[in-house]
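Have a look at the structure below before the remarks.
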Amino acid sequence: MSLSLTLVGLETVCMNALVLLRFLQGSGEWRDLIGVLCGSLGVMSWTWFALHNAQQLKAGGFSAREWSILQGIKTGAVARMILAVAVFVQPQILPLELSSERWWAFGSAVVFMSVGGSWIANAL
């Protein structure tokens, strides 16, 4: 697993070589470097997740379908908690003035993306 993460890290450094060189030469900005760092951490965390997920599936206990359902349930629960905290901390981000048709369209898209991106994609 560490070799995979190392390769992903090197790939990320190569992709961002120009930003890093500009920063080292003194002409880059901190926000660019922070962006590279955040993007790199995001890519590496998703890579770790994929590798760890594959190890868990090989260890047994759950079929791929069951594992996908459990991941979807867990992701949905975490998303709801994050939404609750965000609305509590910054209630102005919730657009309450939207029409019911817009809310139904949003809800339908969320359900389609979650079911399509999780269960259907995993089945295929």
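The values are calculated or read from the model by the stated rules, or taken from the named source; none is laboratory data. Computed from a prediction, not measured in an experiment: that's the story for all the values here. Using ideal geometry, Cβ is built from the backbone for each residue, glycine included, and neighbour counts are taken over all protein chains shown. These area figures cover heavy atoms from the full protein model, side chains too; ligands, DNA and RNA do not enter into them. Shrake-Rupley method; radii C 1.70, N 1.55, O 1.52, S 1.80 Å.
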Please work out which option in (i) 33, 27, 13; (ii) 25, 18, 13; (iii) 30, 21, 7 gives semi-axes √(5λ) of the Cα gyration tensor in Å calculated from these coordinates, and answer with its label. (i)
Within the under-13-Å Cβ sphere about Q56, not counting Q56, Lys/Arg +1 and Asp/Glu -1 give a net charge of +1
Span-like helices, the chain: DSSP H, alpha-carbon axial extent 18 Å or more, mean Kyte-Doolittle -1.0 or greater, which ones? 2-15, 30-59, 64-89, 100-115
Just check region 67-124 against the gyration tensor rule for me: Cα atoms, a ≥ b ≥ c as the square roots of the eigenvalues, rounded for a/c under 1.5, and otherwise prolate or oblate depending on whether a/b exceeds b/c. oblate
Please name which of V43, P91, I120 has its Cα lying farthest along the dipole of the chain towards the positive end, using unit charges on Cβ (Lys, Arg +1; Asp, Glu -1) and the Cα centre as origin. I120
From Cα pairs below 8 angstrom and at least 6 apart in sequence, can you work out the relative contact order of the chain, rounded to a whole percent? 25
Nothing charged except the Cβ atoms of Lys and Arg (+1) and of Asp and Glu (-1): what's the magnitude of the dipole of the chain about its Cα centre? Round to the nearest 20 debye. 240
Over the chain, give the accessible area per residue in Å² for a 1.4 Å probe, as an integer. 80
Just the number, please: carbon plus sulfur as a percent of the accessible area of the chain, 1.4 Å probe, no ligands or DNA/RNA counted. 72
Simple spin-label estimate for L3/M113, 7 Å along Cα→Cβ, in nm, reads 3.6
Provide the FRET efficiency to the nearest 0.05 for the R80-L24 pair, computing r from the beta carbons and using R0 = 41 Å. 0.45
Pairwise label distance in nanometres, M15 with V89, each label 7 Å out on the Cα-Cβ vector: 2.6
